1. Per DSSP H run of at least 4 residues, take -39500 (n - 2.57); add these up for the chain, divide by its residues and hand me the 222 nm value, nearest 500 deg cm²/dmol.
2. By how many degrees, between 0 and 90 and to the nearest 10, does the Cα long axis of helix 274-292 differ from the longest principal axis of the chain?
3. With Kirkwood's inverse mean 1/r over C-alpha pairs for Rh, give me the Rg to Rh ratio of the stretch 268-388, two decimals please.
4. Calculate the FRET efficiency for residue 677 and residue 139 from the Cβ-Cβ distance with a Förster distance of 56 Å, rounded to the nearest 0.05.
5. Counting only the backbone N, which residues of the stretch 200-234 are under 14 Å from the spot 7 Å out from the Cα of residue 147 toward its beta-carbon?
6. As an exercise, use a Förster radius of 45 Å and the Cβ-Cβ distance of residue 503 and residue 316 to find the FRET efficiency, rounded to the nearest 0.05.
7. Relative to the first principal axis of the alpha-carbon coordinates of the chain, what is the inclination of helix 304-323, with its axis defined by its Cα atoms, in degrees from 0 to 90 and to the nearest 10?
8. Each label point is 7 Å from the Cα along the Cα-to-Cβ direction; what then is the distance between the points at residue 185 and residue 39, in nm?
């Protein structure tokens, strides 16, 4: 039994740490979910079973008889031509164009549909066996997914079977869809179950049900009982989504509002409340896009997965409204265009996106593709939705900052995490000033991304500072991660200098700092500089200063390849003949260790990355017993050599309280950095 005193302390802490309005909303939501919603939904559901009750929800002039239901469904397929990307009149065109425009998604849809015929679900890189039909309200769990029961009830399978049916005309897909959907519709709904408490899945299921209905409406035109139940469920879901939008949850709120707006748009001629669904959904989307996407187009959750996912969701909604001839909400339109531009800026030279923050490891059925597969589709949406005014983005990004150089066939790319995260349950990682590095052939230093969405110790480690290309002090990360999404305190980093226009030596650079270590007893501040010399040289300089001596650990997570010691503090990274050298200078004695992710305590990580298992060699640099640290690491191609020195040059760039000089003579790069107050 919980300790009453601990419950009171927890309640007091939550009441004082959060605004009063938030606490009141949270309290009423919890009470509403447990006591109010089940009664409301059950009463509404029973009302809809009666013809007069269902008729009362229809727009003026609509009929609830069998003949009227058939007319509703026919009118819906006609409206799809105005509001959706497809209609029954262009089915042959869909078969030809969709497969040619999206070959990989088409092939995947057919593969997943064939698995569904065998009662197997593809989810997050796994093939999961299910009952036939699924146990919709089951409490079954799958490893790595605490809430597996939500997946069948999200109705992705209905949309997948619909795509496969339209691509092939194979009636096996239609029969499977009808049998499973009929089983769901005939089951007694458990309105006190998580499937109805999770409003995010209510909205997702509603839109997937609508899309699947449009796919199969022609095949099911004679089954008026099935059609009527679908119409009843569309109304029921839209009402619950309208009542319980997740106003406390970032991407969920945008997702809820987007689903409600689309439902309102498509169903406006049929339900008299649909217009207010559309209006409310648009209003929330417009307000939240200005809050959740910064002026540089970066999502505030600092996760590339959610950057892509939310941009796709809103882009689809805006395109549907544009096709329907509806005015587009200004904030949502502008921030969407900024988000598309930001995605283009953060792409690596090989066309892939970097990984940072949370997200599923490979394919996410909610997003309908991997992050890299979705970018071309998002760019197509961006081309359809030209910005309402010229895009004015800052040269440097506040959430993530990128340096790029290009010379002939060679290129170099570096990304640094320089933004503020949210407090509490978030998708960010404890990764301030963490770096990704890539050349024209692919990644060199990588970010782990996410490892499932569960509360395992391994996932917690993957989200920690130790698993990123940054530093820790006294064994502490910059934030403490807990549970599935918990992270506190919030990250507070800032970009302090940026130069992306190369000088005569081809040098670009940026500097940043973060303040999270100042909350520790040592009150340390971490500053980092990144610089590039053309496409041949990459420099990282770290300066840390504390109020008392502390221990420093510095991490470099390399892409899957060979990492070998070359000499003292010099290493060679080799990936299929692509070779980079790493050399480090430090004002304090330093130890180095190559980790393979199997150490205890963990140092480095290995496992799945971008959907494939692979080793991740990690270099850990350690020093201790000082209040001041100054460390410089240089990555360079084998075609050049370097002459570094931690001394104060006579001239150069004023950065990090000192001066940096980078010059090239022949095939030799000369790098000097120093501070007048450097203490050995």
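Just so you know, all these numbers are worked out from the coordinates, no wet-lab data involved. Keep in mind the model is a prediction, meaning the values are calculated, not measured. In this analysis, Cβ positions are derived from the backbone assuming ideal geometry, glycine residues included, and neighbour counts consider all displayed protein chains.
1. Working: 19 runs with 258 residues, N = 680.
Value at 222 nm, helices only: -12000 deg cm²/dmol.
2. The angle comes out at about 0 degrees.
3. On the way: Rg = 14.8 Å, Rh = 15.0 Å.
Ratio of gyration radius to Kirkwood radius: 0.99.
4. Numbers: r = 61 Å, r/R0 = 1.09.
Efficiency at R0 = 56 Å is approximately 0.35.
5. Label zone hits: 200-205.
6. Details: r = 43 Å, r/R0 = 0.96.
Efficiency at R0 = 45 Å is approximately 0.55.
7. Approximately 40 degrees, to the nearest 10.
8. About 3.1 nm separates the two model spin labels.
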